[in-house]
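Every number here is computed from the coordinates shown, using simple stated rules; none is lab data. Since this is a predicted model, take the numbers as computed values, not measurements. All Cβ positions, even for glycine, are placed from backbone atoms using ideal geometry, and neighbour counts span all protein chains on display.
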Amino acid sequence: MKRLLLAMMFVLSLLAIPAMADSDNYDFDNVYVNGINLDDATVYVERGENVDIYVYFTGTGDTTDVNVKAWIGGYEYDNVQATSGMFDVEDGISYRQKLSLELPEDLNAEQEYTLYVEIYDDVDSETYTADLLVSRERHLLSIVDVLTEDVDAGDYTTVTVRLSDMGDHKEEDIKVTVSVPELGIEKSTFLDELTSDEIDNEDEESSEDVSLTFQIPECAENGEYEVDVTVEYNNGYSSLEESTSLSVEAQQH
């Protein structure tokens, strides 16, 4: 009997929670993505880019503690969303809020997503939806990971950089540079190519590891040293950087 009462109380508590309803305090005027009005057409965006979203609306009531949020669903690994700071809305006043939505580099390309834009407060909300078509950027490499290993001063160590081609074009003559500025170390190598799409039974890969081996000076002291990775591609017009650390143990005297 006690369990039954507890279950009934839980159900009643859920029924007592008010649902977010369409608001009478906001009217959407326009929503622009990268300068294009979403009411006019489906907008093409590139994965890996920061999408500028401008939300124009008019207050139809007086409301405090208001936010604007934009998001897309369907990305497996994280939430893709952006939210404004909190502000107040007055009746009859027009507002503009800018949001920057960062699209993941591995978002599925050539796929249509729904963009949701929501104006909300602690009681209710108003939502606008439109279509975004995600395409690949023409030239886009990604540093998937940088692996280092602990090393003793005077010994050799290897830094492994894993690269992936997330763009629409095959990249050739990719220059990878690893440096440890505090120790005066800099070493470079070239990766012949990475393709945007792997082809079965052909010698082309969309991801590959690059390893660079170098010696740590005998005079290096104990500590963590910053390792900088620079990747140059697209005939030198594109580059990306990543940093990690390397643990060095000084020689025993």
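Worth pointing out:
- Cα lying deepest toward the dipole's positive end in region 69-140, options N108, S84, L140, charges on Cβ: L140
- Gain upon complete extension [E102, K187; 0.36 nm per residue less C-alpha separation]: 27.4 nm
- When the Cα convex hull of the chain is projected onto planes of every orientation, the mean area is 23.7 nm².
- Region 141-249 - percent relative contact order, Cα under 8 Å, separation 6 or more: 33 percent
- Taking θ as phi - 60° and the Karplus parameters 6.51, -1.76 and 1.60, the scalar couplings of region 80-95 work out to 9, 7, 9, 10, 7, x, 7, 8, 9, 10, 10, 4, x, 9, 8, 9 Hz in sequence order, x denoting glycine and proline.
- Cα principal axis extents for region 26-65, largest first, Å: 38, 23, 11
- With the simple spin-label model, which puts each label point 7 Å out from Cα in the Cβ direction, the Y77 to R162 separation comes to 1.0 nm.
- The label-point distance for A41 and D131, in a model that sets each label 7 Å from Cα toward Cβ, rounds to 1.3 nm.
- Dipole of the chain, positive direction: furthest Cα of S243, S211, V123, with charges on the beta-carbon: V123
- Computing Rg and the Kirkwood Rh from the Cα coordinates of region 71-192 gives a ratio, Rg/Rh, of 1.16.
- Per-residue Karplus couplings for region 214-220, computed as 6.51 cos²θ - 1.76 cosθ + 1.60 with θ equal to phi - 60°, are listed in order as 8, 9, 8, x, 4, 8, 5 Hz, Gly and Pro entered as x.
- Helix 2-15 vs. the chain, principal-axis angle (Cα, 0 to 90°, nearest 10): 80 degrees
- Listed peptides 49-59, 157-167, 80-90 by packing density, highest first (mean Cβ within 10 Å): 157-167, 49-59, 80-90
- Calculated on alpha-carbon atoms, Rg and Dmax of region 20-135 in Å: 14.3, 42
- About the centre of its Cα atoms, region 20-135 shows a dipole size close to 320 debye [charges on the beta carbon of Lys, Arg (+1) and Asp, Glu (-1) only; nearest 20 debye].
- Sorted into 10 angstrom bins from 0, the C-alpha pair distances of region 141-249 split as 14, 45, 26, 13, 3 percent.
- Model label sites at S243 and N50, defined 7 Å from Cα along the beta-carbon direction, differ in position by 1.8 nm.
- Size of electric dipole in region 141-249: Cβ of Lys, Arg +1 and of Asp, Glu -1, about Cα centre, debye, nearest 20: 400 debye
- Only the Cβ atoms of Lys and Arg (+1) and of Asp and Glu (-1) were treated as charged; on that basis the dipole of the chain about its Cα centre amounts to roughly 1060 debye.
- Using the Cβ of Y156 as centre and a radius below 13 Å, the other residues enclosed give a net charge of -4, where K and R count +1 and D and E count -1.
- Theoretical ellipticity at 222 nm over the chain - DSSP helices of four or more residues, -39500 (n - 2.57) apiece, nearest 500: -2000 deg cm²/dmol
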